[in-house]
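Chemist: Please find one structure pasted underneath; my questions will follow.
The values are calculated or read from the model by the stated rules, or taken from the named source; none is laboratory data. As the structure is a computational prediction, the values presented were derived from the model and not from experiment. Cβ atoms come from the backbone with ideal geometry, glycine included; neighbour counts cover every protein chain shown.
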Amino acid sequence: MTLVGILITIAVATTIFMALYSAIEYSLRLSADSSARLAAMSLASERMEYFRSLSYNDVGTISGFPSGVIPQNRTITLNGIAFSERVLVDYIDDPADDELGVDSNGIITDYKKLKIEISWVTHGETKSISYVSNIVPVSVETNEGGGAINVAVTDADGSPLAGATVQVTNDTTGPTIDVTRVTGPAGVAAFIVPASSNYHASATMAGYSTDGTYVATGGNPNPSPGSFTVAEALITDQGFQIGALSDLEISTFSGITDASSTVAFADTAEIQASSSVTLNVGRLELKESLGVFEASGSARLQQIEPASLERWESAVIVGTAPLNTAYRVHFYTGTTTGYELVAETDLPGNAAGFTDRIVDLSALDVVAYPDLTVELDLTGDTTDTPHIDDLAVYYRESETARSNVDLTVRSKKTIGTGVYKYDAVHSSGVGAVVSLPDMEFDDEYMISNGDGLTLTRACANADLNFQQLDVLLDHQAGVDTALELVLENTPDDTLLVVAKTNDGVLLPGAVVVLSRSGYGATTTTDACGQGFFSNTDGVQVDYTVEVSRLGYDTYTNSSYEINGDTRLSVVLHEL
């Protein structure tokens with residue numbers, strides 16, 4: 001009992017001590033915060049009184065407009081605390097006499113507004129206070145030759161971007177102008193500056209690209225956009241678009257081998273287990289008895305366990321769901337004694353089940369998922385049934401890297417006549433990879449190789465367009481892009497066929513037939529929806545190209561010309 005009493009006493013004493021310690025620590029912290037804030041308030045008041053004592057013409061910032069004798073930024077140490085001082089002086093166009101260049105007396109620089117902000121760091125947290133004061137001229141307002149600039153900044157999607165940093169400069173005025181503002185909720189930063197030519201402006205944001213005007217140089221003699229002029233008592237509008245930076249990685253290969261596991265629902269051997277479903281002339285559908293269909297059913301297909309697996313690619317499901325019916329596709333992993341649904345975090349949408357015809361599986365890690373099993377769930381309304389005609393899962397068996405490929409990467413955006421915002425040649429090196437971090441968004445980065453190789457395949461997690469010699473890549477803001485290029489030494493006069501759905505999704509498994517009198521060849525589009533013909537009948541203008549796939553319409557061109565490395569993009573519409 002004595003020992004128990006001692007332990008209880010110690011516990012109670014410890015609790016009381018910790019409470020007292022916390023209270024004392026809080027009191028000390030509160031006292032320190034209050035002391036720092038009082039010091040900041042005293043400093044701000046003192047500085048504001050000094051600014052008010054200046055003559056009207058001296059109230060302005062160095063290298064700002066209105067110009068004056070006040071530094072825009074400085075640091076003061078008081079009571080052992082470092083205080084950062086930031087001063088903003090701006091002209092105000094008061095609405096009392098109208099504004100925006102239609103003032104009754106033609107003067108938009110009615111008076112000045114001065115803001116001083118004092119900030120400091122305490123306990124790892126930045127705090128600040130600010131004072132604002134209007135500075136008016138002794139007599140009536142005067143026109144100091146000023147004009148206005150409104151800079152509108154939008155995000156990559158075209159929406160107004162608040163919080164962007166906008167800088168306006170002019171090296172030809174006296175004194176020179178270098179003023180920075182932050183855009184407000186409407187994405188606009190406003191400036192009043194001396195009327196003059198040769199102004200430049202730029203906009204950026206942490207983690208974002210930069211857009212702005214450009215100075216003429218020997219390499220860019222005709223910049224676009226270039227400098228602009230601010231006219232007295234008028235407003236000059238500028239607009240810039242910036243977006244979140246993201247990485248672009250380009251991998252080069254000499255060959256990629258794809259494979260697929262296809263179920264045509266020809267017999268029950270393709271099905272591992274089922275409930276309330278049946279096969280009907282190559283279709284999986286709900287069972288029917290005396291004209292009444294089952295309300296629901298399911299089928300689990302045979303496990304897909306590739307002997308060689310580099311990566312999962314995609315799944316294509318061809319089916320039809322009449323009104324009030326539906327089918328959903330789920331992916332599992334494991335063995336027949338312990339199947340587990342592929343995690344939603346690894347395959348978003350898998351828990352609810354997929355209804356799209358094409359499912360992207362490329363994000364699945366092959367170590368975590370060395371096998372896949374497909375389960376199909378069908379629901380009907382007793383008068384009709386959904387049915388599935390074909391299902392194929394595509395995966396990559398192997399790949400062979402091609403090192404030291406020279407690639408030209410060029411943006412669609414320009415900064416002058418014939419001058420691109422990004423234009424550089426990169427080598428894929430011994431690692432067969434070109435890594436370009438923090439790239440600006442652009443809907444048409446042109447990728448081409450200068451080694452005389454033929455592009456036989458291009459895959460990306462972004463939209464691609466194909467020209468005769470180049471690939472056009474849509475690199476989106478804030479989305480890292482991975483592009484794969486297969487480049488080979490081939491004979492002249494080749495054909496690369498790219499099959500897409502009407503939604504722009506690359507379509508695997510399409511049969512491509514190329515023929516003319518005395519010649520014929522057939523291939524099937526790979527996991528990236530592409531089929532390549534390396535041995536054609538040479539330069540001819542009377543080729544017939546036919547592209548078809550179950551569940552889609554057929555594309556036919558009976559007078560197609562092949563001349564050099566030729567590329568053809570076709571669209572197949574769902575039936």
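Chemist: How many residues does segment 70-93 contain that are surrounded by fewer than 17 Cβ atoms within 10 Å (Cβ to Cβ) and either over 15 Å from VAL179 (Cα atoms) or touching a residue at least 60 places away in the same chain (Cβ under 8 Å) (or both)?
Modeler: So the answer is 11.
Chemist: Could you list, ordered by first residue, the pairs with Cβ atoms under 7 Å in which the first is in segment 121-134 and within 11 Å of ALA44 (Cα to Cα) and the second is of a type in the set (S, T, N, Q), at least 6 apart or interchain?
Modeler: Cβ pairs passing all conditions: SER128/SER119.
Chemist: Give segment 181-201 a look and list any residue that's closer than 13 Å to PHE240 by Cα and in a strand (DSSP E or B), or say none. Working first, answer last.
Modeler: As a first pass, look at segment 181-201 and keep what is closer than 13 Å to PHE240 by Cα: 183, 187-189, 200-201.
Passing the criteria: VAL188, ALA189, HIS200, ALA201.
Chemist: Assuming LEU284 fulfils every condition listed in (1) buried (at least 17 other Cβ atoms within 10 Å of the Cβ); (2) closer than 20 Å to PRO508 by Cα; (3) of a type in the set (A, V, I, L, M, F, W, C) apart from one, which condition is it?
Modeler: If we test LEU284 against (1) buried (at least 17 other Cβ atoms within 10 Å of the Cβ); (2) closer than 20 Å to PRO508 by Cα; (3) of a type in the set (A, V, I, L, M, F, W, C), just (2) comes out false.
Chemist: Hey, does segment 118-133 have a residue that's at pLDDT below 85 and either under 24 Å from LEU234 (Cβ atoms) or among the basic types (Lys, Arg) (or both)?
Modeler: No, that holds for no residue.
Chemist: Among the residues of segment 365-382, is there at least one that is surrounded by 17 or more Cβ atoms within 10 Å (Cβ to Cβ), free of Cβ contacts under 8 Å to residues at least 60 places away in the same chain and on the phi < 0 side of the Ramachandran plot?
Modeler: There is at least one residue in segment 365-382 that is surrounded by 17 or more Cβ atoms within 10 Å (Cβ to Cβ), free of Cβ contacts under 8 Å to residues at least 60 places away in the same chain and on the phi < 0 side of the Ramachandran plot.
Chemist: Let me ask something additional. Return only the number of the condition from (1) of a type in the set (A, V, I, L, M, F, W, C); (2) at pLDDT 95 or above; (3) within 19 Å of VAL263 (Cα to Cα) that LEU347 does not satisfy.
Modeler: The failed condition is (3).
Chemist: Take the residues of segment 303-344 that are among the aromatic types (Phe, Trp, Tyr) and either assigned by TED's automatic domain parsing to the domain that holds LEU550 or at pLDDT 95 or above (or both): which is nearest to the chain's Cα centre (by Cα)?
Modeler: Per the stated criteria, the residue is TRP312.
Chemist: Answer with yes or no whether LEU496 is crowded, with 17+ Cβ neighbours inside 10 Å, in contact with a Lys or Arg (Cβ under 8 Å, 6 or more places away or on another chain), more than 24 Å from SER254 (Cβ to Cβ) and aliphatic (A, V, I, L, M).
Modeler: On the way: crowded, with 17+ Cβ neighbours inside 10 Å: yes; in contact with a Lys or Arg (Cβ under 8 Å, 6 or more places away or on another chain): yes; more than 24 Å from SER254 (Cβ to Cβ): no; aliphatic (A, V, I, L, M): yes.
Taking the combined requirement at face value, the residue does not satisfy it.
Chemist: Which one of these does ARG396 not meet: (1) on the phi < 0 side of the Ramachandran plot; (2) under 25 Å from the mean Cα position of the chain (by Cα)?
Modeler: (2)
Chemist: May I ask you to verify whether ALA363 is part of a loop (DSSP other than H, G, I, E, B) and among the hydrophobic types (A, V, I, L, M, F, W, C)? Lay out the reasoning, then the answer.
Modeler: Values: part of a loop (DSSP other than H, G, I, E, B): yes; among the hydrophobic types (A, V, I, L, M, F, W, C): yes.
Criteria met by ALA363.
Chemist: Do you know which of the residues in segment 151-179 that are polar (S, T, N, Q) and surrounded by fewer than 15 Cβ atoms within 10 Å (Cβ to Cβ) is nearest to GLN476 (Cα to Cα)?
Modeler: Just the residues of segment 151-179 that are polar (S, T, N, Q), to begin with: 154, 159, 165, 167, 169-170, 172-173, 176.
Among the residues that remain, those that are also surrounded by fewer than 15 Cβ atoms within 10 Å (Cβ to Cβ) are: 159, 172, 176.
Working: SER159: 15, THR172: 38, THR176: 37 Å.
Taking the candidates together, the pick is SER159.
Chemist: Give the residues of segment 310-339 that are out of contact with any strand residue (DSSP E or B) (no Cβ under 6 Å at 6 or more places or on another chain), on the phi < 0 side of the Ramachandran plot and of a type outside the set (Val, Ile, Thr), sorted by residue number.
Modeler: Matches in segment 310-339: PRO322, LEU323, GLY338.
A quick yes/no check of all residues on (1) touching a Ser or Thr at 6+ places or on another chain (Cβ under 8 Å); (2) of a type in the set (S, T, N, Q); (3) not in a loop (DSSP other than H, G, I, E, B):
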site	(1), (2), (3)
ALA203	yes, no, yes
ALA206	no, no, no
VAL215	yes, no, no
GLY226	yes, no, no
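Chemist: Within the bounds of segment 469-489, is there any residue that is over 18 Å from VAL318 (Cβ atoms) and more than 29 Å from the chain's Cα centre (by Cα)? Write out each step before concluding.
Modeler: Initial filter on segment 469-489 (over 18 Å from VAL318 (Cβ atoms)): 469-489.
Still in the running and more than 29 Å from the chain's Cα centre (by Cα): 488-489.
So far as segment 469-489 goes, yes, one or more of its residues are over 18 Å from VAL318 (Cβ atoms) and more than 29 Å from the chain's Cα centre (by Cα).
Chemist: Given segment 403-518, what strands (runs of 3 or more DSSP E) lie entirely inside it while holding 2 or more residues that are touching a strand residue (DSSP E or B) at 6+ places or on another chain (Cβ under 9 Å), of a type outside the set (Val, Ile, Thr) and over 30 Å from SER548 (Cβ atoms)?
Modeler: Result: 406-410, 423-427, 433-439, 442-449.
Chemist: Related question: Give the residue, chosen from ALA203, ALA189, that is free of Cβ contacts under 8 Å to residues at least 60 places away in the same chain, more than 30 Å from LEU391 (Cβ to Cβ) and touching an Asp or Glu at 6+ places or on another chain (Cβ under 7 Å). Before you say what the answer is, go through the steps one by one.
Modeler: Numbers: ALA189 fails: touching an Asp or Glu at 6+ places or on another chain (Cβ under 7 Å).
Result of the check over ALA203, ALA189: ALA203.
Chemist: Can I ask one more? In segment 322-345, how many are in a loop (DSSP other than H, G, I, E, B) and within 25 Å of GLY509 (Cα to Cα)?
Modeler: Start the filter on segment 322-345 by keeping residues that are in a loop (DSSP other than H, G, I, E, B), which leaves 322-325, 334-339, 342-345.
Keeping just the survivors that are within 25 Å of GLY509 (Cα to Cα) gives 322, 342.
Count: 2.
Chemist: Taking the criterion of being at pLDDT below 95, under 20 Å from THR456 (Cβ atoms) and of a type in the set (Ser, Thr, Tyr), would at least one residue in segment 540-551 satisfy it?
Modeler: Checked segment 540-551: no residue is at pLDDT below 95, under 20 Å from THR456 (Cβ atoms) and of a type in the set (Ser, Thr, Tyr).
Chemist: Related question: Which one of the conditions (1) surrounded by fewer than 22 Cβ atoms within 10 Å (Cβ to Cβ); (2) under 23 Å from SER251 (Cα atoms); (3) among the hydrophobic types (A, V, I, L, M, F, W, C); (4) at pLDDT 95 or above does VAL505 fail to meet, given that it meets all the rest?
Modeler: Of (1) surrounded by fewer than 22 Cβ atoms within 10 Å (Cβ to Cβ); (2) under 23 Å from SER251 (Cα atoms); (3) among the hydrophobic types (A, V, I, L, M, F, W, C); (4) at pLDDT 95 or above, only one is false for VAL505: (4).
Chemist: Does any residue of segment 220-242 turn out to be in contact (Cβ under 8 Å) with a residue 12 or more places away in the chain, over 24 Å from ASP110 (Cα atoms) and surrounded by 20 or more Cβ atoms within 10 Å (Cβ to Cβ)?
Modeler: Yes, there is a match, as at least one residue in segment 220-242 is in contact (Cβ under 8 Å) with a residue 12 or more places away in the chain, over 24 Å from ASP110 (Cα atoms) and surrounded by 20 or more Cβ atoms within 10 Å (Cβ to Cβ).
Chemist: Are any residues in segment 288-313 touching a helix residue (DSSP H, G or I) at 6+ places or on another chain (Cβ under 8 Å), of a type in the set (A, V, I, L, M) and part of a loop (DSSP other than H, G, I, E, B), and if so, which ones? Write out each step before concluding.
Modeler: Here is the first cut: in segment 288-313, the residues touching a helix residue (DSSP H, G or I) at 6+ places or on another chain (Cβ under 8 Å) are 301-302.
If we keep only those that are of a type in the set (A, V, I, L, M) too, we end up with 301.
Result: no residue meets the conditions.
Chemist: Would you mind stating whether TYR552 is among the aromatic types (Phe, Trp, Tyr) and in contact with a strand residue (DSSP E or B) (Cβ under 6 Å, 6 or more places away or on another chain)?
Modeler: Working: among the aromatic types (Phe, Trp, Tyr): yes; in contact with a strand residue (DSSP E or B) (Cβ under 6 Å, 6 or more places away or on another chain): yes.
Against the criterion (among the aromatic types (Phe, Trp, Tyr) and in contact with a strand residue (DSSP E or B) (Cβ under 6 Å, 6 or more places away or on another chain)), TYR552 qualifies.
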